[in-house]
Amino acid sequence: NIGAEGQLIMGAVAATFVALNFDAPFYIHIPLALLAAAIGGAFWGMIPGLLLAFRNVNDVLSTVMLNFIAIFVVQYLVRGPWASSDAMFPVTEKFPETVQFSQFGTTLAWHSGIFVTLLGLLAALIIIYRTNFGFAMKILASGKDVATNIGLSIKLVITGSLATGGAFAGLAGATEVMGVQHNLSPQFSPGYGFDAVMIAMLSGGHPLRICIVAFFFASLRNGVGFMQRVEHIPSAIGQIIIALLVIFFAVDVARKQLKAMKI
(Lines give C-alpha, C1' and ligand atoms only; values in the text may rest on other atoms or scores of the structure.)
Protein backbone atom coordinates (compact mmCIF):
# COMPACT_ATOMS: atom_id res chain seq x y z
CA ASN A 1 0.00 0.00 0.00
CA ILE A 2 1.82 3.09 -1.28
CA GLY A 3 -1.38 5.13 -1.07
CA ALA A 4 -1.25 6.24 2.56
CA GLU A 5 -0.79 9.87 1.54
CA GLY A 6 -3.92 9.88 -0.60
CA GLN A 7 -5.90 7.99 2.03
CA LEU A 8 -4.72 10.45 4.69
CA ILE A 9 -5.83 13.34 2.48
CA MET A 10 -9.25 11.86 1.80
CA GLY A 11 -9.73 11.23 5.51
CA ALA A 12 -8.98 14.90 6.14
CA VAL A 13 -11.44 15.87 3.39
CA ALA A 14 -14.20 13.76 4.97
CA ALA A 15 -13.47 15.22 8.42
CA THR A 16 -13.54 18.73 6.95
CA PHE A 17 -16.93 18.08 5.37
CA VAL A 18 -18.36 17.10 8.76
CA ALA A 19 -16.60 20.02 10.49
CA LEU A 20 -18.01 22.64 8.12
CA ASN A 21 -21.48 21.25 7.50
CA PHE A 22 -22.66 19.90 10.85
CA ASP A 23 -23.49 21.70 14.05
CA ALA A 24 -23.31 19.55 17.17
CA PRO A 25 -21.77 19.50 20.63
CA PHE A 26 -18.13 18.42 20.76
CA TYR A 27 -18.88 14.94 22.14
CA ILE A 28 -20.86 14.24 18.97
CA HIS A 29 -19.05 16.45 16.47
CA ILE A 30 -15.56 15.03 17.06
CA PRO A 31 -16.53 11.32 16.92
CA LEU A 32 -18.64 12.01 13.82
CA ALA A 33 -15.71 13.70 12.07
CA LEU A 34 -13.38 10.84 13.02
CA LEU A 35 -15.89 8.27 11.76
CA ALA A 36 -16.20 10.16 8.47
CA ALA A 37 -12.40 10.30 8.17
CA ALA A 38 -12.08 6.55 8.73
CA ILE A 39 -14.76 5.88 6.10
CA GLY A 40 -13.14 8.29 3.64
CA GLY A 41 -9.71 6.72 4.05
CA ALA A 42 -11.17 3.20 3.89
CA PHE A 43 -13.03 4.02 0.68
CA TRP A 44 -9.84 5.38 -0.92
CA GLY A 45 -7.98 2.24 0.15
CA MET A 46 -10.76 -0.07 -0.99
CA ILE A 47 -10.52 1.18 -4.60
CA PRO A 48 -7.05 -0.29 -5.30
CA GLY A 49 -8.03 -3.32 -3.23
CA LEU A 50 -10.97 -4.05 -5.53
CA LEU A 51 -8.87 -3.37 -8.62
CA LEU A 52 -6.21 -5.82 -7.42
CA ALA A 53 -8.65 -8.47 -6.22
CA PHE A 54 -10.99 -8.52 -9.23
CA ARG A 55 -8.88 -7.16 -12.11
CA ASN A 56 -5.34 -7.97 -10.94
CA VAL A 57 -4.33 -4.29 -11.32
CA ASN A 58 -0.92 -3.63 -9.78
CA ASP A 59 -1.61 -2.18 -6.33
CA VAL A 60 1.62 -0.16 -6.24
CA LEU A 61 0.69 1.73 -9.40
CA SER A 62 -2.97 2.21 -8.48
CA THR A 63 -2.23 3.50 -4.97
CA VAL A 64 0.43 5.90 -6.25
CA MET A 65 -1.92 7.31 -8.90
CA LEU A 66 -4.73 7.69 -6.37
CA ASN A 67 -2.37 9.82 -4.25
CA PHE A 68 -2.25 12.42 -7.01
CA ILE A 69 -6.02 12.31 -7.53
CA ALA A 70 -6.52 13.00 -3.81
CA ILE A 71 -4.10 15.94 -3.97
CA PHE A 72 -6.02 17.47 -6.87
CA VAL A 73 -9.35 16.89 -5.10
CA VAL A 74 -8.13 18.99 -2.16
CA GLN A 75 -6.84 21.72 -4.47
CA TYR A 76 -10.21 21.89 -6.20
CA LEU A 77 -12.17 22.03 -2.95
CA VAL A 78 -10.09 24.73 -1.23
CA ARG A 79 -10.06 26.87 -4.37
CA GLY A 80 -13.71 26.27 -5.20
CA PRO A 81 -16.72 25.22 -3.12
CA TRP A 82 -14.92 25.17 0.24
CA ALA A 83 -12.75 28.27 -0.25
CA SER A 84 -12.63 30.75 2.62
CA SER A 85 -14.17 34.11 1.76
CA ASP A 86 -11.51 36.22 3.47
CA ALA A 87 -8.27 34.19 3.23
CA MET A 88 -5.36 35.30 1.05
CA PHE A 89 -4.37 31.70 0.32
CA PRO A 90 -6.44 28.67 -0.76
CA VAL A 91 -7.85 27.33 2.50
CA THR A 92 -11.22 26.48 4.01
CA GLU A 93 -12.97 28.36 6.77
CA LYS A 94 -11.66 27.72 10.26
CA PHE A 95 -13.21 24.72 11.97
CA PRO A 96 -15.69 25.41 14.78
CA GLU A 97 -14.32 24.80 18.26
CA THR A 98 -16.66 21.83 18.73
CA VAL A 99 -14.57 19.82 16.25
CA GLN A 100 -11.11 20.98 17.34
CA PHE A 101 -8.93 18.81 19.55
CA SER A 102 -8.13 20.58 22.80
CA GLN A 103 -4.53 21.65 23.36
CA PHE A 104 -2.56 20.87 26.48
CA GLY A 105 0.98 21.66 27.53
CA THR A 106 2.89 24.89 27.18
CA THR A 107 6.23 24.03 25.59
CA LEU A 108 5.05 21.20 23.34
CA ALA A 109 2.15 21.38 20.88
CA TRP A 110 0.31 18.36 22.28
CA HIS A 111 -3.39 17.97 21.68
CA SER A 112 -6.01 15.43 22.62
CA GLY A 113 -5.67 13.75 19.23
CA ILE A 114 -2.87 11.73 20.86
CA PHE A 115 -5.62 9.59 22.39
CA VAL A 116 -6.88 8.77 18.89
CA THR A 117 -3.36 7.54 18.11
CA LEU A 118 -3.26 5.37 21.22
CA LEU A 119 -6.69 3.91 20.47
CA GLY A 120 -5.56 3.28 16.91
CA LEU A 121 -2.51 1.43 18.20
CA LEU A 122 -4.69 -0.73 20.44
CA ALA A 123 -7.11 -1.41 17.56
CA ALA A 124 -4.24 -2.41 15.26
CA LEU A 125 -2.86 -4.85 17.85
CA ILE A 126 -6.29 -6.42 18.33
CA ILE A 127 -7.00 -6.66 14.59
CA ILE A 128 -3.63 -8.21 13.72
CA TYR A 129 -3.15 -10.55 16.66
CA ARG A 130 -6.62 -11.28 18.04
CA THR A 131 -8.97 -11.59 15.05
CA ASN A 132 -9.54 -14.10 12.28
CA PHE A 133 -9.10 -11.29 9.76
CA GLY A 134 -5.64 -10.50 11.10
CA PHE A 135 -4.71 -14.17 10.94
CA ALA A 136 -5.98 -14.31 7.36
CA MET A 137 -3.77 -11.35 6.42
CA LYS A 138 -0.75 -13.15 7.84
CA ILE A 139 -1.59 -16.29 5.88
CA LEU A 140 -2.01 -14.31 2.66
CA ALA A 141 1.34 -12.62 3.29
CA SER A 142 2.91 -16.08 3.24
CA GLY A 143 1.69 -16.60 -0.31
CA LYS A 144 -1.48 -16.92 -2.35
CA ASP A 145 -1.02 -20.65 -2.78
CA VAL A 146 -1.05 -21.19 0.98
CA ALA A 147 -4.16 -19.02 1.36
CA THR A 148 -5.94 -20.85 -1.46
CA ASN A 149 -5.12 -24.29 -0.05
CA ILE A 150 -6.74 -23.52 3.30
CA GLY A 151 -9.82 -21.99 1.66
CA LEU A 152 -9.32 -18.28 2.35
CA SER A 153 -11.24 -15.73 0.30
CA ILE A 154 -8.22 -13.97 -1.18
CA LYS A 155 -10.29 -11.22 -2.80
CA LEU A 156 -11.99 -10.39 0.48
CA VAL A 157 -8.74 -10.33 2.46
CA ILE A 158 -6.95 -8.15 -0.12
CA THR A 159 -9.79 -5.64 -0.30
CA GLY A 160 -10.33 -5.64 3.46
CA SER A 161 -6.65 -5.17 4.31
CA LEU A 162 -6.24 -2.17 1.99
CA ALA A 163 -9.50 -0.66 3.26
CA THR A 164 -8.40 -1.15 6.87
CA GLY A 165 -5.05 0.50 6.21
CA GLY A 166 -6.88 3.34 4.50
CA ALA A 167 -9.12 3.81 7.55
CA PHE A 168 -6.10 4.25 9.81
CA ALA A 169 -4.54 6.71 7.35
CA GLY A 170 -7.81 8.63 7.19
CA LEU A 171 -7.83 8.98 10.97
CA ALA A 172 -4.29 10.35 10.78
CA GLY A 173 -5.46 13.01 8.33
CA ALA A 174 -8.34 13.93 10.61
CA THR A 175 -6.11 14.36 13.66
CA GLU A 176 -3.86 16.71 11.68
CA VAL A 177 -6.61 19.05 10.49
CA MET A 178 -8.61 18.85 13.72
CA GLY A 179 -5.69 19.13 16.12
CA VAL A 180 -3.07 21.27 14.37
CA GLN A 181 -4.35 23.11 11.29
CA HIS A 182 -8.01 23.68 12.24
CA ASN A 183 -8.75 24.06 8.53
CA LEU A 184 -7.97 22.28 5.27
CA SER A 185 -5.31 23.51 2.86
CA PRO A 186 -3.41 21.85 -0.01
CA GLN A 187 -0.21 21.83 2.08
CA PHE A 188 -1.64 20.47 5.33
CA SER A 189 0.41 17.26 4.93
CA PRO A 190 4.13 17.66 4.11
CA GLY A 191 4.25 14.01 3.07
CA TYR A 192 3.21 12.16 6.22
CA GLY A 193 1.67 9.39 4.15
CA PHE A 194 4.93 8.78 2.26
CA ASP A 195 6.82 8.74 5.56
CA ALA A 196 4.30 6.18 6.80
CA VAL A 197 5.26 3.77 4.02
CA MET A 198 8.93 3.94 5.02
CA ILE A 199 8.06 3.66 8.71
CA ALA A 200 5.98 0.54 8.06
CA MET A 201 8.83 -1.00 6.05
CA LEU A 202 11.52 -0.26 8.62
CA SER A 203 9.40 -1.55 11.51
CA GLY A 204 8.36 -4.76 9.80
CA GLY A 205 4.71 -3.79 10.18
CA HIS A 206 4.55 -4.43 13.94
CA PRO A 207 2.40 -1.72 15.62
CA LEU A 208 4.67 -1.25 18.64
CA ARG A 209 7.83 -1.00 16.53
CA ILE A 210 5.97 1.42 14.27
CA CYS A 211 5.53 3.77 17.25
CA ILE A 212 9.28 3.74 17.94
CA VAL A 213 10.28 4.31 14.32
CA ALA A 214 7.58 6.97 13.88
CA PHE A 215 8.87 8.83 16.94
CA PHE A 216 12.36 8.75 15.41
CA PHE A 217 11.05 10.12 12.10
CA ALA A 218 9.08 12.82 13.92
CA SER A 219 12.18 13.81 15.88
CA LEU A 220 14.11 14.15 12.63
CA ARG A 221 11.35 16.18 10.98
CA ASN A 222 11.12 18.62 13.86
CA GLY A 223 14.72 18.53 15.03
CA VAL A 224 16.37 19.45 11.73
CA GLY A 225 14.55 22.79 11.67
CA PHE A 226 15.84 23.57 15.16
CA MET A 227 19.38 22.51 14.20
CA GLN A 228 19.28 24.76 11.16
CA ARG A 229 18.24 27.78 13.23
CA VAL A 230 20.63 27.20 16.13
CA GLU A 231 23.62 25.30 14.73
CA HIS A 232 23.22 26.28 11.04
CA ILE A 233 23.11 22.62 10.01
CA PRO A 234 21.24 22.20 6.70
CA SER A 235 17.75 20.81 7.23
CA ALA A 236 18.28 18.44 4.30
CA ILE A 237 20.44 16.31 6.58
CA GLY A 238 17.25 14.79 8.03
CA GLN A 239 16.06 13.62 4.63
CA ILE A 240 19.53 12.25 3.91
CA ILE A 241 19.43 10.17 7.10
CA ILE A 242 15.97 8.85 6.24
CA ALA A 243 17.06 8.00 2.69
CA LEU A 244 20.12 6.14 3.98
CA LEU A 245 17.95 4.12 6.35
CA VAL A 246 15.67 3.07 3.50
CA ILE A 247 18.68 2.16 1.31
CA PHE A 248 20.21 0.04 4.09
CA PHE A 249 16.86 -1.67 4.60
CA ALA A 250 16.54 -2.42 0.88
CA VAL A 251 20.07 -3.82 0.77
CA ASP A 252 19.33 -6.07 3.76
CA VAL A 253 16.14 -7.37 2.10
CA ALA A 254 18.04 -8.07 -1.12
CA ARG A 255 20.77 -9.87 0.84
CA LYS A 256 18.22 -12.13 2.54
CA GLN A 257 16.52 -12.92 -0.77
CA LEU A 258 19.83 -13.83 -2.43
CA LYS A 259 20.71 -16.01 0.53
CA ALA A 260 17.36 -17.79 0.28
CA MET A 261 17.85 -18.37 -3.46
CA LYS A 262 21.24 -19.98 -2.84
CA ILE A 263 19.67 -22.34 -0.33
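The values are calculated or read from the model by the stated rules, or taken from the named source; none is laboratory data. This one's a predicted model, so the numbers in the text were calculated from it and none came from an experiment. We place every Cβ from the backbone using ideal geometry, glycine too, and count neighbours over all the protein chains shown. Keep in mind that these areas ignore ligands, DNA and RNA; they rest on the heavy atoms of the full protein, side chains included. Shrake-Rupley method; radii C 1.70, N 1.55, O 1.52, S 1.80 Å.
Which shape class, rounded, prolate or oblate, goes with segment 20-90 when its Cα gyration tensor gives a ≥ b ≥ c as root eigenvalues, a/c under 1.5 marks rounded, and past that a/b bigger than b/c marks prolate?
Numbers: a/c = 4.21, a/b = 1.51, b/c = 2.79.
Cα axes put segment 20-90 in the oblate bin.
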- prompt: Picking from A163, G11, L140, whose Cα lies most toward the positive end of the charge dipole for the chain (charges on Cβ: Lys, Arg +1; Asp, Glu -1)?
  reply: L140
task: Please compute the Cα-Cα pair-distance distribution of segment 105-242 with 10 Å bins starting at 0, giving whole percents from short to long.
output: 10, 32, 33, 17, 7, 1
- prompt: Which semi-axis lengths, in whole Å and largest first, follow from the square roots of five times the eigenvalues of the Cα gyration tensor of the chain?
  reply: 32, 25, 18
field: Highest-MSF residue in the chain out of T16, T175, T131 [GNM, Cα springs under 10 Å]
entry: T131
field: Calculated P(r) tail over 21 Å for segment 30-140, as whole % of Cα pairs
entry: 61 percent
task: Quote the accessible area belonging to M261 in square angstrom, nearest 10, computed with a 1.4 Å probe and with ligands, DNA and RNA left uncounted.
output: 150 Å²
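If I stretch the segment between F54 and T131 completely, what's the gain in nm (0.36 nm per residue apart, minus their alpha carbon distance), one decimal? Before the final figure, lay out each step's value.
On the way: separation 77, 0.36 × 77 = 27.72 nm, distance 2.46 nm.
Separation in residues times 0.36 nm, less the Cα-Cα distance, equals 25.3 nm.
Counting only protein heavy atoms and using a 1.4 Å probe, what share of the accessible area of the chain belongs to carbon plus sulfur, as a whole percent?
Details: 10650 of 15290 Å².
Carbon plus sulfur share of accessible area: 70 percent.
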query: With each pseudo-label sitting 7 Å past Cα toward Cβ, what's the R255-F68 distance in nm, one decimal?
result: 3.6 nm
- request: Mind putting a number on the dipole of the chain about its Cα centre? Charges go on the C-beta only, +1 for Lys and Arg and -1 for Asp and Glu, and I need it in Debye to the nearest 20.
  value: 1000 debye
Reachable lysines from K94, criterion Cα separation under 16 angstrom, eight or more residues apart if same chain: none
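Can you list the chymotrypsin sites (Phe, Trp or Tyr not before Pro) in segment 1-75 that are in a DSSP coil and have 16 or fewer other beta carbons within 10 angstrom?
The qualifying sites are F22.
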Heavy-atom accessible area per residue - the chain, 1.4 Å, Å²: 58 Å²
